[in-house]
Amino acid sequence: MSYNIEKIRADFPALDIKIHDKYPLIYLDNAATTQKPRQMLDTEYIAYTTRNANIHRGVHTLSQQATMAHEHAREVIAKFINAKESAEILFTRGTTEGINMVASIFCSSQMRSGDEVILSAMEHHSNIVPWQLQAEARGIKLKVVPCFDNGELDMETMRSMFSDRTKLVSICYASNVLGTVNPVKEIIAVAHSHGVPVLLDAAQAIAHRKVDVTDLDVDFLAFSGHKIYGPTGIGVLYGKREWLEKLPPYHGGGEMIEHVSWEKTTYNELPYKYEAGTPDFINSVALAESINYVSNIGLNEIQAYESMLLSYATEQMLGIDGLKIYGTSVDKEAVISFLVDGVHPYDLGVLLDQQGVAIRTGHHCAQPLMQRFGIEGTARVSFALYNTKQEVESFIKALNKSLTILR
Ligand code: PLP
């Protein structure tokens with residue numbers, strides 16, 4: 001399909017919102033969460049109204065239909081990220097839960113005091129704090145790969161960080177602050193050459209470029225539904241079968257067991273071993289629909305389109321006196337963090353909102369990265385498949401207007 005921006009925009013009811021009853025919404029906070037297409041919203045409604053029954057083990061028709069839809073959704077997701085089998089797709093509440101899960105089950109079963117995990121300087125708090133919790137509980141050491149001023153990872157230092165105590169690398173595919181797309185294939189190859197598995201935080205990559213777990217040969221990969229035009233509260237953890245077989249369960253409860261007795265409980269087969277409790281069988285189906293939506297447009301087309309928006313916005317912003325962009329890596333997602341001399345990003349955010357432009361300000365859940373750059377926070381615009389060049393122009397106009405007020 002060719003890139004039909006009018007048709008795409010018509011699929012997103014939220015893009016018709018008027019801010020302060022006046023300004024058309026210019027939504028540039030897509031790295032935080034994305035707006036939703038009608039197709040996904042309709043799917044959710046249909047699931048609730050025609051297939052709402054608890055899944056697995058149900059003898060009645062509705063339960064069987066709901067089960068089939070949920071398992072089909074898993075297959076859609078497996079195909080989307082090119083997993084070898086749908087049993088490697090675990091439903092979670094989001095990226096944060098996926099990372100916590102790996103941190104917990106991996107560290108408890110594969111690591112002991114003094115063993116090391118390698119992270120990077122540009123991680124979101126959700127790929128820092130779960131490891132710190134494990135470090136506190138088990139004496140695990142965290143090693144942090146630095147990044148250069150342009151936001152690219154220092155790969156040479158990374159290569160030198162591996163020791164015989166390194167047990168895992170956990171790193172973001174793309175930074176939510178700098179936009180940097182890390183050389184993840186290379187990182188995985190380096191880690192594997194040391195016999196070390198890799199977890200990728202794909203929260204910022206999944207909606208913007210083709211993510212192929214088989215090609216990457218990655219061991220674990222987490223993402224959130226709400227960042228790929230899907231529902232909030234559901235996400236995915238991909239894990240290679242060999243790891244998922246070997247590692248212990250995370251949560252205990254219904255669904256994840258084979259047989260329970262007071263003497264000994266045995267666990268269910270994959271993927272159910274990791275899915276305790278009633279699964280989110282409505283949102284799973286809605287997530288698969290948003291994935292179909294993205295696939296129908298095509299990830300390569302989306303990537304090219306967003307990259308055009310990134311270049312266009314970057315070029316215009318660099319023309320503004322005193323404006324500095326944080327993150328100028330060669331391979332970059334359509335995320336622009338910036339500061340303007342003498343202007344607090346919060347004030348900028350408020351003034352832009354008054355003109356209908358939604359941006360994010362603050363530390364973006366990456367305080368160590370802010371420290372690395374010696375700043376408190378930034379203003380950030382982030383683009384999605386439905387943004388337009390005209391919106392970039394309106395944003396630049398609103399930005400200039402705000403700056404004349406603020407300085
Ligand atoms: N990792 C990155 C890079 C993110 O940008 C985010 C959210 O902004 C997360 C993890 C956490 O995602 P969630 O809050 O959906 O679990």
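Values in this text are rule-based calculations from the coordinates and carry no lab data. No experiment lies behind these values; they were computed from the predicted model shown. For neighbour counting, all protein chains shown are included, and Cβ atoms are generated from backbone atoms with ideal geometry for every residue, glycine included.
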If R0 = 51 Å, then Ala10 and Glu156, at their Cβ-Cβ distance, give a FRET efficiency to the nearest 0.05 of 0.60
Helix 129-138 versus the longest principal axis of the chain: what angle, 0 to 90°, nearest 10, using Cα atoms?
40 degrees
The relative contact order of segment 285-407, taking Cα pairs under 8 Å that sit 6 or more residues apart, comes to a percentage of 28 percent
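Hey, could you grab the Kirkwood Rh for segment 41-295? Inverse mean 1/r over distinct alpha carbon pairs, Å, one decimal.
Numbers: mean 1/r = 0.0530 Å⁻¹.
The Cα-based Kirkwood calculation yields 18.9 Å.
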If you fit an axis through the alpha-carbon atoms of helix 61-80 and take the longest principal axis of the Cα set of the chain, what angle between them do you get, 0 to 90°, nearest 10?
60 degrees
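So, R0 is 22 Å and r is the distance between the beta-carbons of Gln132 and His363; what FRET efficiency does that work out to, to 0.05?
Details: r = 17 Å, r/R0 = 0.76.
Given R0 = 22 Å and the Cβ-Cβ separation, E is 0.85.
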Any chance you could run the full-extension gain for Asp341 through Gln354? It's 0.36 nm times the residue separation minus the Cα-Cα distance, nm to one decimal.
2.6 nm
How far apart, in nanometres, would the label points at Lys324 and Lys210 be if each is projected 7 angstrom from Cα along the Cα-to-Cβ direction?
3.9 nm
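What does the net charge come to around Glu123 if you take all other residues with beta carbon closer than 13 Å to its beta carbon, with K and R at +1 and D and E at -1? Intermediate values should be presented prior to the final figure.
Numbers: positive: Lys143, Arg372; negative: Asp201.
Summing Lys/Arg as +1 and Asp/Glu as -1 gives +1.
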May I ask you to derive the FRET efficiency for Leu25 and Lys84 from their Cβ-Cβ distance with R0 = 51 Å, giving the value to the nearest 0.05?
0.80
Net charge near Gly356: determine it from the other residues with C-beta under 14 Å of the C-beta of Gly356, scoring Lys and Arg +1 and Asp and Glu -1.
-2
Tell me the relative contact order for the chain as a rounded percent, counting alpha carbon contacts under 8 Å between residues six or more apart.
23 percent
Springs between alpha-carbon atoms under 10 Å, Gaussian network over the chain: tell me which of Val76, Val330, Val144 tops the mean-square fluctuations.
Val330
How long is the gain from Thr49 to His192 if the chain were fully straight, where each residue apart is worth 0.36 nm and the alpha carbon distance is subtracted?
46.8 nm
Only counting other Cβ atoms within 10 Å, I'd like Val260, Val177, Val196 sorted with the fewest neighbours first.
Val260, Val196, Val177
Given pairs Lys79/Lys246; Lys143/Lys240; Lys7/Lys227; Lys7/Lys401; Lys79/Lys324; Lys273/Lys332 and cut-off 29 Å on Cα-Cα distance, the over-length ones are Lys7/Lys401; Lys79/Lys324; Lys273/Lys332
At what distance in nm do the modelled label points of Glu315 and Asn400 sit from each other, each positioned 7 Å from its Cα along Cα→Cβ?
1.6 nm
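Please arrange His208, His125 by counting, for each residue, the other beta carbons lying within 10 Å of its beta carbon, fewest first.
On the way: His208 29, His125 16.
Listed from fewest to most nearby Cβ atoms, that is His125, His208.
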What's the center-to-center distance, using Cα atoms, between segment 4-35 and segment 218-264 in Å?
33 Å
For n ≥ 4 DSSP H runs only, could you compute -39500 (n - 2.57) per run for the chain, divide by its residues and tell me the 222 nm figure to the nearest 500?
-12000 deg cm²/dmol
